[in-house]
Structure formats: structure tokens, C-alpha cells
Amino acid sequence: MTLDEPPRGGPPASREDDSSSRKASEASVGAPGLSESKSEKADMLEGLAKKVAGMAVVFTEANAAREKEREALREKHLNVLMCIEET
């Protein structure tokens, strides 16, 4: 943040800045490429959401494999402890 910027979440630095940003947003409303850009972004977000949803299966399988490995290590540990007690 620089000295020229207003604090985050605070009001604009001046009324002039407010009116210029309002004019810019009004001008962009009529821009033809803006709606296309928004639909492209929406499509990209939808695609990413599908990929993330598909990743849940991968994490579930990985967690199951880790749990299986932990169980095998517990059994080995118990076997070692039993061998130690027998000696």
C-alpha cells in the first residue's frame, strides 16, 4: 500500500476518484467483450469445479492406502514387541 491509496475497506480518497471510478464502471457495462469475458470466466470456473470434485476420489483412495499402511506397521510393531517379550 502506498500513501496515495486509501486504507483497505475505507472510503475513496476523494469524491473525484469516486466519480471517475463510477464513470469507468458505467462505460464498461456497454462493452461487448465484457459479457463474453464473464461467460468465459464462468466456463473456466465450472471446469475447475468439476476437476476439484473429481479429485475427492483421489484423496479418498490415498487416505485409504495410508490407513492400510498404518495398520500393517502396527501389526509389525506388535510382532516385534511380542518377540522382545519372549526373549
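Below, the figures for the structure above:
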{"read-out": "Eligible lysines near LYS76 by straight Cα distance, threshold 17 Å, same-chain separation 8 or greater", "value": "LYS68"}
{"read-out": "Two-site label geometry, LEU81 and MET55: point separation in nm, points 7 Å out along Cα→Cβ", "value": "3.8 nm"}
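Taken together, the values in this text are just the output of simple stated rules run on the coordinates, not laboratory data. Remember, predicted model here, so these are calculated numbers, not experimental data. When we count neighbours, we look across all protein chains shown, and the Cβ atoms used for this are built from the backbone with ideal geometry, even at glycine.
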